[in-house]
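See structure below.
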Amino acid sequence: MSGITTHILDTSRGRPAAGVETTLECHDPSGGWQLVGRGQTGADGRLDTLTRADRLPSPGVYRLVFDTGPYFAAHAQRTFYPRIVIVFEVAPGDAQHHLPLLISPYGYSTFRSA
């Protein structure tokens with residue numbers, strides 16, 4: 001399993017959010033962001049291929065960018081949050097980072113899960 005994973009649930013529909021384009025980036029010392037991985041959530045709303053399964057993520061600041069606008073448009077819903085960005089920090093020695101995202105057209109919530 002990858003060291004950084006996510007899972008998106010659409011609370012307005014009561015089901016996983018499939019097909020959401022997601023990007024993982026790492027903050028670099030120059031102030032920019034470097035692409036680490038990219039993918040699309042599966043039918044179960046999960047994405048576990050953003051980082052290599054055989055390597056822990058390096059310590060640092062990361063961000064997950066979820067392109068939720070097209071997902072809601074595909075379900076004929078307008079959204080206030082067409083893109084959701086979650087910035088988080090990986091500390092030395094941390095092994096697994098699972099960040100679930102609960103979405104609806106007018107709100108979202110996230111947390112770190114085991």
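Each row is one residue, and each column tells you yes or no for (1) of a type in the set (Val, Ile, Thr); (2) in contact (Cβ under 8 Å) with a residue 12 or more places away in the chain; (3) farther than 13 Å from GLY3 by Cβ; (4) in contact with a Phe, Trp or Tyr (Cβ under 8 Å, 6 or more places away or on another chain).
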position: ARG38; (1), (2), (3), (4): no, yes, yes, no
position: ASP44; (1), (2), (3), (4): no, yes, yes, no
position: ASP48; (1), (2), (3), (4): no, yes, no, no
position: TYR62; (1), (2), (3), (4): no, yes, no, yes
position: ALA76; (1), (2), (3), (4): no, no, yes, no
position: VAL85; (1), (2), (3), (4): yes, yes, yes, yes
position: ALA91; (1), (2), (3), (4): no, yes, no, no
position: GLN96; (1), (2), (3), (4): no, yes, no, no
position: LEU101; (1), (2), (3), (4): no, yes, yes, yes
**Request:** Using the structure shown, decide if THR49 is at pLDDT below 95, of a type in the set (Val, Ile, Thr) and either surrounded by 12 or more Cβ atoms within 10 Å (Cβ to Cβ) or over 14 Å from GLY19 (Cβ atoms) (or both).
**Result:** yes
**Asked** Which residues, counting only those in region 58-114, are assigned to a loop (DSSP other than H, G, I, E, B), polar (S, T, N, Q) and either at pLDDT 95 or above or loosely packed, with under 11 Cβ neighbours inside 10 Å (or both)?
**Response** GLN77, THR79
**Prompt:** Among the residues of region 35-50, is any more than 16 Å from LEU99 (Cα to Cα), touching a Gly at 6+ places or on another chain (Cβ under 9 Å) and of a type in the set (A, V, I, L, M)?
**Reply:** yes
**Item:** Complete set of residues in region 1-36 that are farther than 24 Å from SER104 by Cβ and without any contact (Cβ under 8 Å) to a residue 24 or more places away in the chain
**Value:** ASP28, PRO29, SER30, GLY31, GLY32, GLN34, LEU35
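The values are calculated or read from the model by the stated rules, or taken from the named source; none is laboratory data. Computed from a predicted model, the values in this text were never measured in an experiment. Note: ideal-geometry Cβ built from the backbone for every residue, glycine included; neighbour counts use all protein chains shown.
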